[in-house]
1. Using 0.36 nm per residue, how much length does the chain from Thr188 to Ser96 gain when fully extended, once their Cα-Cα distance is taken away?
2. How far apart, in nm, are the 7 Å Cα→Cβ label points at Glu16 and Asp225?
3. Taking 0.36 nm per intervening residue step and subtracting the Cα-Cα distance, what contour gain separates Thr210 from Ala56 on full extension?
4. Which semi-axes, in whole Å and largest first, does the equivalent ellipsoid of the range 5-147 have when worked out from the alpha carbon gyration tensor as the square roots of 5 times its eigenvalues?
5. I need to check one value: relative contact order of the range 65-148, counting alpha carbon pairs closer than 8 Å and at least 6 residues apart, in percent.
6. Would you mind ranking Ile91, Ile205, Ile43 so that the residue whose beta carbon has the fewest other beta carbons within 10 Å leads the list?
7. Could you give each residue of the range 91-105 its phi-based ³J(HN,Hα) in whole Hz, using Karplus coefficients 6.51, -1.76, 1.60 with θ = phi - 60°, and x for Gly or Pro?
8. Subtracting the Cα-Cα distance from 0.36 nm times the residue separation, let me have the gained length for Thr179 to Glu23 in nm, one decimal.
Amino acid sequence: MSAKKKETTPLVLRIEGTRITAERFLRAVDNFFNLLRNVADDISGQKGAVTWIVSAEKGSQVLTATPEADEQVVANVQLIAKKIHNGFCEIEKGSSRPEAFSDTALRHARELASVVGNGDGDISRVLLIYDKQSNAISQKTSTHVGDILGARKTEDGSVEGRVTVLSDKKRFNVYIDDTLTGHSVRCTPRNIDEQELINAFRSRITAIGTVHFRRDGAPVRIEVDRIRVLGKRDELPSFEDVRGIFRQGD
């Protein structure tokens, strides 16, 4: 006689965009399911005790994931999907660690958020839905995860990449999609007018100032003193401008 399984309300991942590349789509899906497994293992206390049953809506980028487990092994399976959804909501709103989100789970959350587009089409929005409650996963998640994991050190240097500007109520949050790491780096104007950063939207620039790094050496934020818009030979940064990028990790 087979063991009873407990089923619960599923999580739904909706990926939206007019021009979604295979690389970004697969990166989003891979990090989504790695996060589900990691958090489920933490909640259940047993690796692999929870199985995720997956379905996809035909002709769309909508994936449904339902946790299933032996009720004699995992008594709280019905709480797992809800905790994951609530955890993403908590990260999106601020820099506090959600319950059952290990460092590994947080890194998967950051990678999932990093697929959201840079203004050139691609993936325009990622939504996580639970019980008709929808939560957008934006680049705020990347920034807040960096804060949770903690910046390792700061160093004068630069970050190069394409500028993304996200509206946030009455102000703007400005990010650079870092060319070297593929992650979004938040730009905080210091000796520069914020409008100059906003005017560089979709341009590839080098932002020069003080770079804040995570423990793994990746940049998470830069206090910007000046920028150079790239594209012309005479605008290429000097060695001193980019020395912070090529730092050696400890």
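1. Numbers: separation 92, 0.36 × 92 = 33.12 nm, distance 2.09 nm.
Gain on stretching Thr188 to Ser96: 31.0 nm.
2. Distance between label points: 4.1 nm.
3. On the way: separation 154, 0.36 × 154 = 55.44 nm, distance 4.42 nm.
Result: 51.0 nm gained on full extension.
4. Values: eigenvalues 121, 63, 29 Å².
Working through the eigenvalues yields semi-axes of 25, 18, 12 Å.
5. Values: 90 pairs, mean separation 25.7, N = 84.
Across the range 65-148, relative contact order equals 31 percent.
6. The order, fewest Cβ neighbours first, is Ile43, Ile205, Ile91.
7. For the range 91-105, the Karplus-derived couplings read 5, 4, 8, x, 9, 10, 7, x, 4, 6, 9, 6, 4, 5, 4 Hz, x marking Gly and Pro.
8. Details: separation 156, 0.36 × 156 = 56.16 nm, distance 1.59 nm.
Between Thr179 and Glu23, full extension yields an extra 54.6 nm.
Bear in mind these aren't lab numbers, they're just calculated from the coordinates by the rules spelled out. Only a predicted model underlies this, so the values are computations on that prediction, with no experimental measurement involved. Cβ coordinates were reconstructed from backbone atoms using ideal geometry, including for glycine residues, and neighbour counts include every protein chain displayed.
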